[in-house]
1. Residue under question is Ala127, and the condition is that it be under 30 Å from Leu27 (Cα atoms), small (Gly, Ala, Ser) and in the same structural domain as Val16 (by TED's automatic domain parsing); does it hold?
2. Inside the stretch 62-157, counting only helices (runs of 4 or more DSSP H) that do not spill past its ends, which hold 2 or more residues that are within 30 Å of Leu10 (Cβ to Cβ)?
Amino acid sequence: MNSTKKSMFLNILKIVLGVLGSLFVLLAVFALPGDVKELNLEEKTAAINNSKFGLMMGFTIFIVILGAVLVVGFFLFGLITDTKKTLKAVLSYALSGLAFLILYVMAKGSVTQFSVEEGISTSTLKATEAGLYLTFIMVIVGFLLMLVGPFFKHIKK
């Protein structure tokens, strides 16, 4: 398979999975009652069970497993074909993991009344907070690199 056909296939796959995911989210959202906050626990459970959440969760699990398989596959393919670049990527992932661990230690994980009612643990709150901080930092770094990138191109010449 040449590069053009592979690119076309991946674009079609991306569009189909995006449309299916969006459709499942819309089905789940429109199947829920208008004001979920006013429902008691039994009514919330019944509304979730009657909606399309099972379909949406199954699709989400499929996407996560497919992503994990593709990541491992591309990693092994890259390790075989171009070891130097792959090791640089592994180093960047390791640095991201280290940054996440540092942010996890720094995160407060404040417990609210809602998290107590829903049974959300402090470690889950801390991991979510650390993930949000890391995402925010990476978006800012990416934006800054996008702004500064053209200047580096002129400096290299």
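The values are calculated or read from the model by the stated rules, or taken from the named source; none is laboratory data. Keep in mind that what you see is a predicted model, and the values were worked out from it rather than measured. Glycine also receives a Cβ, built like all others from the backbone with ideal geometry; neighbour counts cover every protein chain displayed.
1. No, not satisfied.
2. On the way: elements: 83-106, 113-118, 122-156.
The qualifying helices (runs of 4 or more DSSP H) are 83-106, 122-156.
A quick yes/no check of all residues on (1) modelled with pLDDT under 75; (2) not aliphatic (A, V, I, L, M):
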| site | (1), (2) |
| --- | --- |
| Ala28 | yes, no |
| Asn50 | yes, yes |
| Ala68 | no, no |
| Gly73 | no, yes |
| Thr83 | no, yes |
| Ala89 | no, no |
